[in-house]
Amino acid sequence: MEKRVIFRSAWLPYALLAPQIAITLVFFFWPAGQAVWYSFQLQDAFGLSTEFVGLQNFEQLFADEHYLKSFKTTAVFSALVAFSGISISLVLAAAADRVIRGALAYKTLLIWPYAVAPAVAGVLWAFLFAPSVGIITFALKHAFGIEWNWVLQDNQAMTLVVIASTWKQISYNFLFFLAGLQSVPRSLIEAAAIDGAGPMRRFWTIVFPLLSPTTFFLLVVNIVYAFFDTFGVIDAATQGGPAGATQILVYKVYHDGVKSADIGGSSTQSVVLMIIVIALTVAQFRFIERKVQY
């Protein structure tokens, strides 16, 4: 029989929901509404006077070549972070699922990076790839003859923030993939092994299709993560440089709004970014979810 919770008081469910609803309204809907309102305003740097300008901020935004460049940067960055994060996490989860001796230690070590703050992850990898004192930079130069200087080379700066952002998210993906792998019925894998299917064929024809709901969920989460939660990594590591090579959309919102004091332009960028993320999420649920096997 289905178990249902019955509250003795009619107002108790609403009282339990009230704190979460209040937090959502105050810290999400209210700032989002303000961003939409300010996107139609022209405000001075001191916030003392405003003027309604309609869609002028949007027209100037899409005519700005620096903003259009950040579109391309964000697309490349998000695709690299999402694909590499999901792929590496799946490989690590599959390897950890096969380990028998010391499995708990391996899983614990793979989960630890998730506890690191994004800014700390950015500083950590910036030091490892530092042009003068970085350990990885030293190894690349003496072992492979690669001159690494992400302060001057835009492609190397992009590689740095992709590595740092992916490393930060791997633990999160790993947890879900490992849980998904452990829920796969062993009888199916054993039956395929008896029929002569090799490890790779068993994985791609049996295990991976059963992981499609987990993979789809992580795809949505990782794209949202790449669009928003990587701000701390980029701010601590490259600050959008060199020459805007790592300035993704969310960092440009901060740069124009906080450093340049362009409240109207920054709010306009926030609205556009919100629309893009919502559209991507809807498209993923509309088209990609059809191929998910539940």
| message | Under 10 Å, Cα contacts only: if you run a Gaussian network model on the chain, which one of Gly180, Gly198, Gly244 comes out with the highest mean-square fluctuation? | response | Gly198
| query | How far apart, in nm, are two points set 7 Å out from the Cα along the Cα-to-Cβ line at Ala191 and at Phe228? | reply | 4.2
| Mind checking which of Ile146, Ile21, Ile163 has the largest fluctuation in a GNM of the chain, springs on alpha carbons under 10 Å? | Ile21
| field | Relative contact order %, the range 168-294, counting alpha carbon pairs below 8 Å whose residues are six or more apart | value | 24
| Using the per-residue mean of other Cβ atoms lying within 10 Å as a proxy for protection, in what order, highest first, do the peptides 122-130, 274-282, 229-237, 134-142 fall? | 229-237, 122-130, 134-142, 274-282
| task | Could you tell me what percent of the accessible area of the chain is made up of carbon and sulfur, with a 1.4 Å probe and every protein chain present? | result | 69
| Spin-label pair Trp112/Ser132, simplified geometry with 7 Å Cα→Cβ offset, distance in nm | 3.0
| said: Quick test of the membrane-span-like rule: which DSSP H helices of the chain reach at least 24 Å along their long axis (C-alpha atoms) with mean Kyte hydropathy at least -1.0? | reply: 65-98, 154-182, 263-287
| task | Work out how much length Glu65 to Asp154 would gain on full extension: take 0.36 nm times their residue separation and subtract the Cα-Cα distance, in nm to one decimal. | result | 30.3 nm
| task | Go ahead and run the numbers for FRET between Glu147 and Leu280, Cβ-Cβ distance against an R0 of 35 Å, rounding to 0.05. | result | 0.40
| remark: Distance in Å, no decimals, from the C-alpha centre of the range 10-57 to the one of the range 109-156 is 39
| task | Using the heavy atoms of the protein chains and a 1.4 angstrom probe, tell me the accessible area per residue for the range 44-113 in square angstrom. | result | 66
| task | Could you pull out the pairs from Lys69/Lys107; Lys141/Lys168; Lys107/Lys259; Lys141/Lys259 whose alpha carbons sit more than 32 Å apart here? | result | Lys69/Lys107; Lys107/Lys259; Lys141/Lys259
| query | Relative contact order for the chain using alpha-carbon pairs under 8 Å, separation at least 6, rounded to a whole percent? | reply | 28
| query | Restricting attention to the range 28-66, which chymotrypsin sites (Phe, Trp or Tyr not before Pro) occupy a DSSP loop and are surrounded by at most 13 other Cβ atoms within 10 Å? | reply | Phe46
| said: Can you tell me how the range 27-72 classifies by the Cα gyration tensor, rounded, prolate or oblate, using a/c under 1.5 as the rounded cut? | reply: oblate
| request: Please give the FRET efficiency for Phe208 paired with Leu55, using the beta carbon to beta carbon distance and R0 = 51 Å, rounded to the nearest 0.05. | output: 0.65
| note | Simple spin-label estimate for Trp11/Ala261, 7 Å along Cα→Cβ, in nm, reads 4.8
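The values are calculated or read from the model by the stated rules, or taken from the named source; none is laboratory data. Computed from a predicted model, the values in this text were never measured in an experiment. Because the Cβ atoms are built from the backbone with ideal geometry, glycine has one as well, and the counts that use them run over all protein chains shown. Ligands, DNA and RNA are excluded from the accessible area calculation, which covers all protein heavy atoms including side chains. Shrake-Rupley method; radii C 1.70, N 1.55, O 1.52, S 1.80 Å.
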